[in-house]
Amino acid sequence: MERTLAIIKPDGVAAGLIGDIIKRIEYEGVKVAGMRLTQLDRRQAEGFYYVHRSKPFFNSLIDYMTSGPVVLMALQGNNIISHWRELMGATDPAKAGRGTIRGDMGTNIERNVVHGSDSNESAIFEINYFFKGTDIVT
Ligand code: UDP
Ligand code: MG
């Protein structure tokens, strides 16, 4: 059993897509093991996206991620890291398949509605970044 960090980004929350996205997660039989609505400040968003700090899109990404509330979720299931990335679709919604969250709901390569960890190592870092052990149920 594996865990991953999922985020419904500010564009998803602002567009009223929380329910739709969680419905897709539950429909897949994936367990929500932790969940919180919060507003990220710049320091939190910069620390979370530290690996991207030298990318040209970094400052714009931080503006976007701090522009409104987000929903943080720890998802749990078999192969959930790759499973959730399949449900999200490609980073660029224009390249994401129909039926994926980004393909169906994303605006552009930045405003792409959801986040998902890309490896077990980053999943552990990202879940610990936002959740205390006692806020995760098993
Ligand atoms: N992003 C962007 N421009 C790019 C690539 C990425 O604005 O050219 C944003 C986008 O919101 C993306 C996030 O930065 O989800 C993190 O990028 P990453 O390459 O890790 O994509 P992901 O793992 O989210 O698919
Ligand atoms: Mg990534």
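Below is a table of values for the structure above.
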| read-out | value |
| --- | --- |
| Subset of segment 83-101 (residues that are hydroxyl-bearing (Ser, Thr, Tyr) and within 13 Å of ligand 2 (Cβ to nearest atom)) | Thr91 |
| Test: residue in segment 57-75 that is over 15 Å from His115 (Cα atoms), touching a Gly at 6+ places or on another chain (Cβ under 9 Å), modelled with pLDDT of 95 or more and not acidic (Asp, Glu) | no |
| Residues (in a loop (DSSP other than H, G, I, E, B), out of contact with any helix residue (DSSP H, G or I) (no Cβ under 6 Å at 6 or more places or on another chain) and within 12 Å of ligand 1 (Cβ to nearest atom)) located in segment 70-90 | Ala90 |
| Tally, over segment 1-46, of residues that are outside any loop (DSSP other than H, G, I, E, B) and either in contact with a Lys or Arg (Cβ under 6 Å, 6 or more places away or on another chain) or open to solvent by 20 Å² or more (accessible area, probe 1.4 Å) (or both) | 23 |
| Some residue of segment 22-34 being among the aromatic types (Phe, Trp, Tyr) and out of contact with any Gly (no Cβ under 9 Å at 6 or more places or on another chain) | yes |
| Scope segment 91-138; condition in contact with a strand residue (DSSP E or B) (Cβ under 8 Å, 6 or more places away or on another chain) and assigned to a loop (DSSP other than H, G, I, E, B); matching residues | Val113, Ser117, Phe131, Ile136, Val137, Thr138 |
| Inter-residue pairs, beta-carbon under 9 Å, first touching a residue at least 40 places away in the same chain (Cβ under 8 Å) and within 13 Å of Ser82 (Cα to Cα) and in segment 110-127, second more than 8 Å from ligand 1 (Cβ to nearest atom) and aromatic (Phe, Trp, Tyr), 6+ apart | His115/Phe48; Gly116/Trp84; Ser117/Trp84; Ser117/Phe125 |
| Criterion: of a type in the set (Asp, Glu), within 23 Å of Phe131 (Cα to Cα) and more than 16 Å from ligand 2 (Cβ to nearest atom) - qualifying residue of Asp63, Asp104, Asp118 | Asp63 |
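The values are calculated or read from the model by the stated rules, or taken from the named source; none is laboratory data. Worth saying up front: this structure is predicted, and the values here are computed from it rather than measured. Here Cβ is always computed from backbone atoms with ideal geometry, including for glycine, and neighbour counts include all displayed protein chains. With ligands, DNA and RNA removed, areas are computed over all heavy atoms of the protein, side chains included. Shrake-Rupley method; radii C 1.70, N 1.55, O 1.52, S 1.80 Å.
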